[in-house]
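Student: Please find one structure pasted underneath; my questions will follow.
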Amino acid sequence: MMAALKHTPHLVDRLPAVRGRYSADAPLAQVTWFRVGGPAEVLFRPADVDDLASFLAARPEDVPVTVIGVASNLLVRDGGVPGVVVRLGRGFVEITAEGNRVFAGAGALDGNVALVARNAGIAGLEFLSGVPGTIGGALRMNAGAYGSEMKDVTIAASALDARGGRHRLDLERLGFTYRHCGVAEDWIFVGAELRGQADDPAAIQARMDDITGRREASQPVRTRTGGSTFANPPGHKAWELIDKAGCRGLRQGGAMVSEKHTNFLINTGTATAADIETLGEEVRRRVFGQFGVTLEWEIRRIGIAVGGA
């Protein structure tokens, strides 16, 4: 008689029941813009805010939680991400406009928010058309481009704390500084209330077209990249320091510093996450060696490193 097969426990077996979906050992590389990285131990796609709040309230306290959006400014390391990776999907993408205000779920694409604002004749959010990613990520890093940033347009944000408690955070409590917000890392943004000014949709579209043209002319937008790699140090432009340090076109394995815009790292097709992170650290080393300036990563790096970096 054959012995009964033993079930090997997996983290997913310890997690609370949800209305959304769990996926064990879920590949993440194909959801990131870099197209690299290991799997999530568990990937959780909550059905909506209530589902996410219930999960947070009931999850085992020793289980780490990491939140991702569309992974446009994210490097997932090759060893994968332990614990639960939360990806905000359909239940977090609603966008509505009322008066001069726009209400957006944290999973809403920045570009879609700009489009809804344009259709409603709300100016001031055009810069979001040039920011790849979602509103949740934009809040987390006070994203900005073309002379505007989130702190200029945010009235308040909605967030869940680590145990699922709900909070409405006004601008002061968000603590925005350059490419940073002061909200605890283990809180999860679920929505935002943004403001603009009334204007003609055609005029708004013209400014969005200008942003698109400038972005395509200056950035490697059709490559496997993760957006701006480093924040601009005070008094400097990161790309100029990188260029003057001789890093344009610098390579590490399948990773390369963009020839078009030196503050972008590119996966030329065969890069690992370790290649990309090692290349970024070499750029930081060279810039510091020549100019005494420390470049701070703007790309968010998560997970376990394998093979260096």
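Student: Quick check on Ile122: is it surrounded by fewer than 22 Cβ atoms within 10 Å (Cβ to Cβ), at pLDDT 95 or above and β-branched (Val, Ile, Thr)?
Tutor: no
Student: I'd like the full set of residues that are buried (at least 17 other Cβ atoms within 10 Å of the Cβ) and not hydrophobic (A, V, I, L, M, F, W, C), limited to the range 153-178.
Tutor: Those that are buried (at least 17 other Cβ atoms within 10 Å of the Cβ) and not hydrophobic (A, V, I, L, M, F, W, C): Thr154, Ser158, Gly164.
Student: Still on this structure, I have one more. With of a type in the set (A, V, I, L, M, F, W, C), free of Cβ contacts under 8 Å to residues at least 24 places away in the same chain and surrounded by fewer than 13 Cβ atoms within 10 Å (Cβ to Cβ) as the only criterion, which of Ala198, Ala184 stands out?
Tutor: Step by step, each of Ala198, Ala184 is checked, and only Ala184 is of a type in the set (A, V, I, L, M, F, W, C), free of Cβ contacts under 8 Å to residues at least 24 places away in the same chain and surrounded by fewer than 13 Cβ atoms within 10 Å (Cβ to Cβ).
Student: Criterion first (in the same structural domain as Ala108 (by TED's automatic domain parsing) and either touching a helix residue (DSSP H, G or I) at 6+ places or on another chain (Cβ under 8 Å) or surrounded by 13 or more Cβ atoms within 10 Å (Cβ to Cβ) (or both)) does Asp210 satisfy it?
Tutor: Spelling it out, Asp210 is indeed in the same structural domain as Ala108 (by TED's automatic domain parsing) and either touching a helix residue (DSSP H, G or I) at 6+ places or on another chain (Cβ under 8 Å) or surrounded by 13 or more Cβ atoms within 10 Å (Cβ to Cβ) (or both).
Student: Continuing with the same structure: Please determine, by comparing only the residues of the range 88-112 that are touching a residue at least 40 places away in the same chain (Cβ under 8 Å) and surrounded by 21 or more Cβ atoms within 10 Å (Cβ to Cβ), which one is nearest to Gly69 (Cα to Cα).
Tutor: Here the answer is Leu88.
Student: Which of (1) on the phi < 0 side of the Ramachandran plot; (2) surrounded by 18 or more Cβ atoms within 10 Å (Cβ to Cβ); (3) in contact with a Phe, Trp or Tyr (Cβ under 7 Å, 6 or more places away or on another chain) is the odd one out, the single condition Ala138 does not satisfy?
Tutor: For Ala138, the exception is condition (3).
Student: Which residue pairs have Cβ atoms closer than 7 Å, lie 6 or more positions apart in sequence or on different chains, and pair a first residue in the range 118-132 that is more than 14 Å from Val153 (Cα to Cα) and touching a residue at least 24 places away in the same chain (Cβ under 8 Å) with a second residue that is polar (S, T, N, Q) and assigned to a loop (DSSP other than H, G, I, E, B)?
Tutor: Note: pairs meeting the criteria are Pro132/Ser72.
Student: Within the range 184-224, track down each residue that is out of contact with any Gly (no Cβ under 7 Å at 6 or more places or on another chain), part of a helix (DSSP H, G or I) and farther than 26 Å from Ile266 by Cα.
Tutor: Residues satisfying the conditions are Ala202, Ala203, Ile204, Gln205, Ala206, Arg207.
Student: Among the residues of the range 268-275, is there at least one that is farther than 21 Å from Gly79 by Cβ and surrounded by 23 or more Cβ atoms within 10 Å (Cβ to Cβ)?
Tutor: No: the range 268-275 contains no residue that is farther than 21 Å from Gly79 by Cβ and surrounded by 23 or more Cβ atoms within 10 Å (Cβ to Cβ).
Student: Among the residues of the range 138-170, which ones are part of a helix (DSSP H, G or I) and over 15 Å from the mean Cα position of the chain (by Cα)?
Tutor: Lys151, Asp152, Val153
Student: List the number of the failed condition for Val85; all other conditions in (1) surrounded by fewer than 21 Cβ atoms within 10 Å (Cβ to Cβ); (2) closer than 16 Å to Ile304 by Cβ hold.
Tutor: Only one criterion is unmet by Val85, namely (1).
Student: Ok, one more. Go through the range 35-47 and report how many residues are surrounded by fewer than 24 Cβ atoms within 10 Å (Cβ to Cβ) and at positive phi.
Tutor: So the answer is 1.
Student: Oh, and also: What is the one condition in (1) surrounded by fewer than 19 Cβ atoms within 10 Å (Cβ to Cβ); (2) part of a loop (DSSP other than H, G, I, E, B); (3) of a type in the set (Gly, Ala, Ser) that Gly227 does not satisfy?
Tutor: Single failed check for Gly227: (1).
Student: Looking at Ser158, Ser218, which is the one that is closer than 27 Å to Gly91 by Cα and either among the polar types (S, T, N, Q) or in the same structural domain as Asp48 (by TED's automatic domain parsing) (or both)?
Tutor: Ser158
Student: If you take the residues in the range 175-193 that are hydrophobic (A, V, I, L, M, F, W, C) and in contact with a helix residue (DSSP H, G or I) (Cβ under 9 Å, 6 or more places away or on another chain), which one is nearest to Asp161 (Cα to Cα)?
Tutor: Among those residues, the one meeting the criterion is Ile188.
The values are calculated or read from the model by the stated rules, or taken from the named source; none is laboratory data. Predicted model, so just to flag it, every value in this text is computed and none were measured. Neighbour counts are summed over all protein chains in view; Cβ atoms, including those assigned to glycine, are modelled from backbone coordinates with ideal geometry.
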